[in-house]
Amino acid sequence: MLETSLRTLLGPTGWLSEPEDVEPFLVDWSGHCCVRPIGVARPASTADVAATVKLCARADVVIIPQGGRTGLVAGNFPHDRNSIILSLSRMNKVEPITPGDFCVSVGAGVVLGQLHAALNDTDLILPLHLGSEGSAQIGGLIATNAGGNMAFRYGMMQDMVLGLEVVLPDGEIWNGMRRLIKDNCGFQLRRLFCGSEGRLGIITGAVLKLQPAPRSHATALMALPDLQAAVVFGETLRRTFGEAVIGLEFINDTALAIALQQIGELKFPFDVPAPAYLLAEIASTIPGIDLVAEMENALAAGLQRGQLTNAVIAQNNTQRAALWKLRDELPEGQRREGPQCHHDVSVPVSQIAEFVNVCSADAEALVPGIRVCAFGHMGDGNIHYNFSTPAGGNFDDKEEELSAAVYARVDEFGGSVAAEHGLGRLKTGLADTYRSASERDLMRRLRVAFNPTDILNPGVIVD
Ligand SMILES: Cc1cc2nc3c(=O)[nH]c(=O)nc-3n(C[C@H](O)[C@H](O)[C@H](O)COP(=O)(O)OP(=O)(O)OC[C@H]3O[C@@H](n4cnc5c(N)ncnc54)[C@H](O)[C@@H]3O)c2cc1C
């Protein structure tokens, strides 16, 4: 019996099958409940992951790798009773940092916030910040190729992974835990697992590239007459400050108004609301540069030209955190507001405002009074283009039509229907609508080559 074998292998803390023990693993951040699996395996070592996979393969039982359950596309829980969840949460060790190599080795279950804390006194950072960093794990972040706020500057997760350790669907272990930037020994296997969403293997460990921690920051929130002004001023800031720009986020009025209403501790720094906002952060490792003064000059020029209507610069770390909190709490604010219909898409940066405007007109025609919450990463064109219901109303059962209209526009603008959250089970069918037959077939062939029996996370990326 599989259950008995797993309990013997993993012990009472490593194998959970009682309903009250399994329940916490069945709900993700969005509140999705799932089919109850046979149980939850929580191995504490790579060898135990490999042994668990071999037992499941022999019993023909599906494995769903699970990290911090913050994924937003339903890839992190089972859809079939004949399955187990394999949680990496006990593999949460951060190895001692090797400063000369600018890298750190971690277990897949390390939570991103835990890694940030471990790096606190090292003058090094992992430049990945996102709203879910208190729960999202390194394995999940790699498996979804997470982006976050600084992706345009430092890259996505795939750009931070130097080495990987992966348990393959037959239980074999691939140890690719190298600490090298240059490693052209054939196909870039580590890259293949970035964004593979638990389909090609189970990530158990990683070597991550670190960056020198900036010594100084200047963080500003700007109010602008419209979103196009935010696009233009974002470009100005990038041309002015170059690689010193490490954060550039835009927010529309509705998204911020909802967050302010729902989350009491948020502090709005202006007297009156504006149609659009831009949050920018510049940073430098070079001592002696007065970044706040540089930012003041740039903002003063923007105000004088009428590109900005108002602006504030954080004067200390508390104020800086408060400005970022306004951005980070937008998804939570919208979630608390009630039913929503969300889209993680990207378009070329220069077309962000045009895209938001045409989509908003489409949506208003379908559901009069619908509230558009648009925010995201101005540096890379990633828009979280979400709807909340009309005040006191509903979507009139038009969610599918609304999403279809958004995705059709994404295609028209040459964008991506899945920018940073991946496909999961929610968007695999959608991706098939827009990707070419050859692209889909290449992905299917990869899946078959790595995971021929379809034991790992079926239904995700390619069905
Ligand atoms: C408030 C909020 C803000 C967010 N902001 C961002 C953002 O700015 N940028 C961004 O990119 N994402 C963002 N996300 C999405 C989410 O945080 C990321 O997708 C994250 O990478 C998921 O990590 P996780 O550990 O929670 O993985 P889970 O949700 O548990 O799993 C996600 C997928 O990865 C697979 N997986 C998990 N661990 C492993 C492993 N060890 N090996 C193989 N496969 C595995 C799962 O099977 C699943 O398919 C946000 C989410 C929330 C809730």
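Between R305 and A321, the contour length at 0.36 nm per residue exceeds the Cα-Cα span by 2.9 nm. Label zone (T240, point 7 Å along Cα-to-C-beta; backbone nitrogen cut-off 15 Å) within segment 284-324: 290-314. By the Cα gyration tensor, the chain has an equivalent ellipsoid whose semi-axes, rounded to whole angstrom, run 38, 27, 20 from largest to smallest. Our estimate of slack between D101 and E399, defined as 0.36 nm per intervening residue step minus the Cα-Cα distance, is 102.4 nm. The residues of segment 328-463 expose, per residue, 43 Å² of accessible area to a 1.4 Å probe. Residues in segment 390-395 carry Karplus couplings, in order, of x, 3, x, x, 9, 7 Hz; the curve used is 6.51 cos²θ - 1.76 cosθ + 1.60 with θ = phi - 60°, and Gly or Pro positions show x. Pull out a ≥ b ≥ c, the square roots of the eigenvalues of the alpha-carbon gyration tensor of segment 136-224, then state rounded if a/c is under 1.5, prolate if not and a/b is larger than b/c, and oblate in the remaining case. Because a/c hits 1.5 or more and a/b exceeds b/c, segment 136-224 counts as prolate.
Counting only other residues whose beta carbon sits under 11 Å from that of S89, what net charge do I get with K and R as +1, D and E as -1? Result for the local shell: +3. Residues of segment 121-164 falling in the label zone of R178, defined by backbone nitrogen less than 17 Å from a point 7 Å along Cα to beta-carbon, are 158-164. Extent along the principal axes, Cα only, for segment 31-76: 31, 21, 15 Å, with the longest axis given first. Under the classification rounded if a/c is under 1.5, otherwise prolate if a/b is larger than b/c and oblate if not, where does segment 320-379 fall, given a ≥ b ≥ c as square roots of the Cα gyration tensor eigenvalues? Because a/c hits 1.5 or more and a/b fails to exceed b/c, segment 320-379 counts as oblate. Taking other residues whose beta carbon is less than 9 angstrom from the beta carbon of T453, and scoring Lys, Arg as +1 and Asp, Glu as -1, yields -3. Between Q351 and S17, the FRET efficiency from the beta-carbon distance, with R0 = 60 Å, is close to 0.75. With a/c under 1.5 counting as rounded, go ahead and sort segment 341-463 into rounded, prolate or oblate using the C-alpha gyration tensor (a ≥ b ≥ c being the square roots of the eigenvalues; past the cut-off, prolate if a/b is larger than b/c, else oblate). Prolate.
Ordered by solvent-accessible area of protein heavy atoms (1.4 Å probe), largest first, the residues E20, E172, E197 come out as E20, E172, E197.
Only protein heavy atoms count here; under a 1.4 Å probe, S5 has an accessible surface of about 40 Å².
Per-residue ellipticity at 222 nm, computed for the chain from helices alone with -39500 (n - 2.57) per DSSP H run of at least four residues, works out to -10500 deg cm²/dmol. Relative to the dominant Cα principal axis of the chain, helix 253-262 is inclined by about 70°.
Here the average projected area of the convex hull drawn through the C-alpha atoms of segment 289-343 stands at 5.9 nm².
Working from label points 7 Å from Cα in the Cα-to-Cβ sense, the D463 to E439 distance is 1.8 nm.
A 1.4 Å probe run over the protein chains yields, for segment 217-274, 42 Å² of accessible area per residue, whole-number rounding.
The mean sequence separation of alpha-carbon pairs under 8 Å and at least six residues apart, normalised by the residue count of segment 296-380, gives a relative contact order of 18 percent. Only Lys, Arg, Asp and Glu carry charge here, each on its Cβ (+1 for the first two, -1 for the last two); on that basis the chain has a dipole of about 1060 debye about its Cα centre. Between D60 and Q188, the FRET efficiency estimated from the beta carbon spacing at R0 = 35 angstrom works out to 0.65.
For segment 80-150, the solvent-accessible area works out to 38 Å² per residue, with a probe of 1.4 Å and every protein chain left in place.
A simple spin-label model places pseudo-atoms 7 Å from Cα toward Cβ; at V312 and I286 they are separated by 3.0 nm. Only protein atoms count toward the accessible area here, which uses a 1.4 Å probe; on the chain, the carbon and sulfur part of that area reaches 51 percent.
The values are calculated or read from the model by the stated rules, or taken from the named source; none is laboratory data. What you are looking at is a predicted structure, and each value in this text was computed from that prediction instead of being measured. So basically every Cβ, Gly included, is an ideal-geometry build from the backbone, and we count neighbours across all protein chains shown. With ligands, DNA and RNA removed, areas are computed over all heavy atoms of the protein, side chains included. Shrake-Rupley method; radii C 1.70, N 1.55, O 1.52, S 1.80 Å.
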